[in-house]
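Colleague: Please find one structure pasted underneath; my questions will follow.
What follows draws every value from the coordinates through simple rules; no lab data is involved. Computed from a prediction, not measured in an experiment: that's the story for all the values here. Cβ: placed from backbone, ideal geometry, glycine included. Neighbour counts: every protein chain shown.
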C-alpha cells in the first residue's frame, strides 16, 4: 500500500480568503496530494489575531465545505499554550503514521523559518513546499538550503490584513473571500470597528 500524501496548510486564516484556497488547490494538484489539511493556529505566538480560534476554525470549515480533498484540523486550536509547527507536525504524524506530510507555506513564513521552534527538526517531519510568486527573489535560509521545494504560483494578490481593514471600514470583500465566510463574518459581527 502506498503512503498517503497529505498537505498541511497552517496559518492564522484571519480570515481565510480565495488566495489560500487557490494556492492549496494548485499545490494539491502539482504535488499529487491525496488531501490537504487546513490547520488554523490556536495561540499564534508571533502574531496578534483579530478573530478567536473557534471563529477562524469555523470560517475555514465553511470555506472548504465544497472542496473535495480539503479538510480542516483543530489540532492547534485544541492544544493549549502557544502554537508551534513542530508540535503540530508531530501530532499529525502520530495521527497519520503511514503518510508523508507536505507542509505548505508562503515566502514570508519560509524566510523566517530559523526563528521557529526547532527549525532543523521541522525539516525532518515533513517536506516543506514554499509557494512563491513568479519572479520572486525568495532565498532559502542557510540551514534549509536544498531542503525546501519551491512551487511557483501566480497567486491572487490577497492578504488577510487587507481583508480585515476592508471589513473593519465597512467595505465588502466580495470575490476575495468565499461567500460562506462573508456570511459567517456578518452573522458573528467579526472585524468591526469597536464602538
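Colleague: Take 2, 161 and order them by how many other Cβ atoms sit within 10 Å, fewest up front.
Modeller: 2, 161
Colleague: With springs only between Cα atoms under 10 Å, which of 37, 167, 101 fluctuates most in a Gaussian network model of the chain?
Modeller: Judging by the Gaussian network model, the answer is 167.
Colleague: Let me ask something else. What residue among 180, 99, 80 shows peak mean-square fluctuation when the chain is described by a Gaussian network model with Cα springs under 10 Å?
Modeller: Evaluated over the chain, the most mobile residue of the options is 80.
Colleague: Here is a follow-up. Debye calculation, C-alpha points only, no solvent: report log10 I(q)/I(0) for region 1-108 at q = 0.11, 0.20, 0.23 Å⁻¹, in the same order as the q values.
Modeller: For region 1-108 at q = 0.11, 0.20, 0.23 Å⁻¹, log10 I(q)/I(0) is -0.31, -1.07, -1.39.
Colleague: Here's something else I'd like to know. Counting other beta carbons within 10 Å of each residue's own, what order do 88, 107, 174 fall into, fewest first?
Modeller: Fewest-to-most ranking of 88, 107, 174: 174, 107, 88.
Colleague: Cα-based Rg (one decimal) and Dmax (whole number) for the chain, in Å?
Modeller: According to the Cα coordinates of the chain, Rg and Dmax are 16.4, 58 Å.
Colleague: If you count the DSSP beta bridges with both ends in the chain, what percent of them are antiparallel, to the nearest 5?
Modeller: 0 percent
Colleague: Hey, fewest Cβ within 10 Å first, where do 163, 31 land in order?
Modeller: Ordered from fewest to most neighbouring Cβ atoms within 10 Å, 163, 31 come out as 31, 163.
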